[in-house]
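K.L.:
Here it is, the structure in full.
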Amino acid sequence: MGDGTKCAYSPQCGGELVGCPRYHAPTPHLPPTANATRAQTVNRSTLPSSLTVREDEVLFTAMRAQGAGGQNVNKVSSAVHLRFEIATSSLPEEVKARLRALHDQRITEDGVVIIKAQSHRTQTANRIDALARLQELVDSVAAAPKRRRPTRPTLASRQRRLQGKALRAGIKQRRGRVGGGDGLDG
């Protein structure tokens, strides 16, 4: 582009964003407005939450993605494993308890949330995806569930129920044998 925006894919590259002279030129680049580097932080304004997960509490591990994708999948570590320890996090205690109580396969018995993100071609995009999924999980337990207030059936509904029972009893009573018979079939 010539405007001095550096390649967002590799910080060591130093090439321009478009027309990068390095080997990774064919890979899609982030838009110049992102000003992203490999250690990019997530834009928190796009994540709706009052409780945000701090990025320093999350451990990322890069690995090779699984599945189809040809040569790129076999040599580039673009998939991301996210590990988040619930016990040592800065979340409020009641949110931690609700998070531990979730029956989710991503939460281990030790209270560690493990999320694997591999749907995007770049590691940066997979990191953002994994953080967004973790934030979504925290948001699902952030609000305390409403307590159920037991209600009593109304008088009219109790009367309807009893009328229905009486009607069914009458129908079943009329299903008996016809005649007074002695009980022997002859």
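K.L.:
Using a Cα-Cα cut-off of under 23 Å, which lysines could be cross-linked to residue 146, ignoring same-chain neighbours fewer than 8 residues away?
P.N.:
Cross-link targets: 96.
K.L.:
A further question follows. Give the peptides 152-164, 121-133, 81-93 in descending order of average Cβ contacts within 10 Å, highest first.
P.N.:
My ranking of the peptides, most packed first, is 121-133, 81-93, 152-164.
K.L.:
With viscosity set to 1.567 mPa s and temperature to 4 °C, compute the Stokes-Einstein D of segment 63-186, Rh being the Kirkwood radius across alpha carbon pairs; µm²/s, no decimals.
P.N.:
63 µm²/s
K.L.:
Taking amide H positions as placed 1.01 Å from N in the peptide plane, with prolines and chain starts having none, which residues 5 or more places from residue 65, or on another chain, fall under 5 Å of its amide H?
P.N.:
78, 79
Only the coordinates and a few stated rules stand behind these numbers; no lab work does. Values in this document were obtained by computation on a predicted structure and should not be read as measured data. Virtual Cβ from ideal backbone geometry, glycine too; neighbours counted across all protein chains shown.
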